[in-house]
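The values are calculated or read from the model by the stated rules, or taken from the named source; none is laboratory data. Please read all numbers here as calculations on a predicted model, not as lab measurements. Note that each Cβ is placed from the backbone with ideal geometry, even for glycine, and that neighbours are counted across all protein chains shown. Protein only, heavy atoms only, side chains kept; ligands, DNA and RNA dropped before computing areas. Shrake-Rupley method; radii C 1.70, N 1.55, O 1.52, S 1.80 Å.
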Amino acid sequence: MSRSHGFSRALLAAPLVTFALAGASADELNFSVMESGTYDAAARQIGDEFEAATGTKVVVSAFPWAVLRQNNTTDLISGTNQYDVMSGGYYLADVYSYFAPMDDYIAADNYGDGMIDNLMKPGRSEFVDGKQIGIPYGIDAFGLLYNTEMLEKAGVSPDFTTWADVAAACPKIEEATGAACFSHPTGNPEQIGSFFLSSYPGNYVTADGTYALDEAAAVKAAEELAALWQYLPEKGTAMSFDEAHQVFIDGDAAMLVTWPSFVTKQLDAEDSPLKGKWGMATFPGEGFTWLSLWQLFVPESTEDKDAAWAWAKAYAGPENATRNLVEHNIGSVWKATYEDEALAAERAHFWPALTAGFARAKNPPLSGEAQDFLTNTLQDVANGRTSPADGIASINAAWANIPVPSAMLEAAKGSGLQAE
């Protein structure tokens, strides 16, 4: 942590025991969360403080993302009822009916006052039949990071409007720098969605409530994606997050497309070769930036919902948000974090683009099945196994047989992604 964090240092030093405890009587709560060294680390830290203050032990059950998604779903459908509070997102729409509405708790505590605008609305937070079931935390939005020295050497300004602009600049960047134009965690097939969602300006749900893409606009977005893939690093079509990030850090790629929270702390470390030499551009495209907005859900089966709500506020609320960002790089959903002058000055090279991404970001109104088919097909397009036109046609054909969960219809309408 920088010495300039006057406010933050005082906040981190203070014992955080001011948890809202009304009715919190459970002896133990089991919390499912992603295993990442960030979200789970914060949960254990806050859990220890929560237990000391309330007597309620928080058992942190951490899993990799795909396993977490499956475990949450299986636990709800099977009635195992192992988890009292779950961490997840919009891809759990098929099991939203198993979660308890939190409206009364939200209203009683005026929860959300001071949060980034619109995060507690459909299309960002999660709702069922007009009732809010998701409590936002851990915000991130896909970013385009760049090596300032490399782009200056190439005479390229990072103010790209579309991905076609990026592809057009890539030959110039590669010729001037000898590096690949960009890297991306291509080995995680779902991540390719970041390019398509930002490039495609159309709807995802028809006026009749079925999944469908606007064919012409979708094909154009897929063509932009296919054009980009030729500018990846050598052997760059199957890279992990760590590998894609390291290529950028080592100067073997001039730009990086990734979730900023996964890498910004590393880039600004004292021993980073890119410290002071990188920035973040506005994410290109006519569509929307892919939003990562973790939510806390309380299953209907949870016996002590008061205790679960108390934990949700401790973990996701404003009291720990700045510390979670500074220590664990978990994006804060609370405005006060970004109003900390010392932090804002220290992060001026990427916070303006990051927060602009938050304002533009959305979740696609897609069930897990619909999203998986989209991103797997886009992988085939990007890697030349199918044409953009055939790929989009196959997506629409498959989507015609995938029902839109009612919660996704609410999200699509709320975020302007359903045809009128």
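Worth pointing out:
- Flag if ALA412 is part of a helix (DSSP H, G or I), touching a strand residue (DSSP E or B) at 6+ places or on another chain (Cβ under 7 Å) and under 23 Å from ALA216 (Cβ atoms): yes
- Test result for ASP27, of a type in the set (D, E, K, R), within 23 Å of the chain's Cα centre (by Cα), surrounded by fewer than 17 Cβ atoms within 10 Å (Cβ to Cβ) and farther than 22 Å from LEU366 by Cβ: no
- Residue in the stretch 77-99 that is under 28 Å from HIS328 (Cβ atoms), surrounded by 14 or more Cβ atoms within 10 Å (Cβ to Cβ) and without any contact (Cβ under 8 Å) to a residue 40 or more places away in the chain present: yes
- Flag for GLU243 being open to solvent by 40 Å² or more (accessible area, probe 1.4 Å), modelled with pLDDT of 95 or more, within 28 Å of GLU149 (Cβ to Cβ) and out of contact with any Ser or Thr (no Cβ under 7 Å at 6 or more places or on another chain): yes
- Any hit, the stretch 307-320, residues being on the phi < 0 side of the Ramachandran plot, free of Cβ contacts under 8 Å to residues at least 40 places away in the same chain and not hydroxyl-bearing (Ser, Thr, Tyr): no
- Residue check for GLU234: open to solvent by 30 Å² or more (accessible area, probe 1.4 Å) and in a loop (DSSP other than H, G, I, E, B): yes
- Residues of the stretch 54-74 classified as open to solvent by 40 Å² or more (accessible area, probe 1.4 Å) and of a type in the set (Gly, Ala, Ser), total: 2
- Within the stretch 54-160, strands (runs of 3 or more DSSP E) holding 3 or more residues that are farther than 17 Å from TRP294 by Cβ: 143-147
- Condition check for ASN147: among the polar types (S, T, N, Q) and without any contact (Cβ under 8 Å) to a residue 40 or more places away in the chain: no
- If only residues of the stretch 250-306 that are closer than 30 Å to ALA100 by Cβ and among the charged types (D, E, K, R) are counted, the one that is surrounded by the most Cβ atoms within 10 Å (Cβ to Cβ) is LYS305.
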